[in-house]
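Okay, structure first, notes after.
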Amino acid sequence: AGRTRLGLAERANEWLEPTSWLPAPGQGALGIVTRTEDAETRQLVAALNDPDSFAAVTAERTLLEALGGGCQMPIGALGVTYDQKMRLWGLVASPDGRRLVRGDLTGSLADLEALGHKLADLLRERGAEAILAELEE
């Protein structure tokens, strides 16, 4: 993205697919916190909300929470919206990178939390639980 903004896209040797290099859940998203009772400020900042980003972060953070992860856990996630749906990719890696568990699911934008929980279950079935348990020791 940086090369494109600088007009240097043609100098890239290879374009990396975002689903091959999953970021940390919610990476790159900004959040603005307001006081609940401050209706004027809430209305002003509401214009800054991007519904697709909000949906992606909701699903990604649900996945992270469902896996019991935090900022220091090797968990990646990426949510992409389309046609009132979201495709959510997730991974859990061992710190040395030798073991990697990946998965992805598609679900409704109406129930992003369920999508995050279902993907967490799938990753556990594929071996993520063992990796995460070692990290807690």
Q) Of the accessible area of segment 1-83, with the probe set at 1.4 angstrom, what percent is carbon plus sulfur? A) 53 percent
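Roughly to the nearest percent, how much of the accessible area of segment 98-137 is carbon and sulfur, given a 1.4 Å probe?
46 percent
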Q: Please report, in whole Å, how far the alpha carbons of segment 1-69 spread along each principal axis, starting with the longest.
A: 51, 34, 15
Q.
If you count only protein heavy atoms with a 1.4 Å probe, what accessible area per residue comes out for segment 11-137, rounded to a whole Å²?
A. 67 Å²
Q. Taking a ≥ b ≥ c as the square roots of the eigenvalues of the Cα gyration tensor of the chain, is the shape rounded (a/c under 1.5), prolate (a/b larger than b/c) or oblate?
A. oblate
Q) If R0 is 22 Å, what FRET efficiency do you get for Arg5 and Ala29 from their C-beta distance, rounded to 0.05? A) 0.75
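Which whole-number percent is the relative contact order of the chain (Cα, under 8 Å, 6+ apart)?
The value is 21 percent.
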Q: Could you sort 2-8, 99-105 so that the peptide with the highest average Cβ count within 10 Å comes first and the rest follow in order?
A: 99-105, 2-8
**Q.** Per-residue ³J(HN,Hα) for segment 77-83, Karplus 6.51 cos²θ - 1.76 cosθ + 1.60, θ = phi - 60°, Hz, x for Gly and Pro
**A.** 7, 8, x, 10, 8, 6, 6
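The values are calculated or read from the model by the stated rules, or taken from the named source; none is laboratory data. Keep in mind the model is a prediction, meaning the values are calculated, not measured. Backbone-built Cβ (ideal geometry, glycine too); neighbour counts: all protein chains shown. All accessible areas refer to the heavy atoms of the entire protein, side chains included, with ligands and DNA or RNA removed. Shrake-Rupley method; radii C 1.70, N 1.55, O 1.52, S 1.80 Å.
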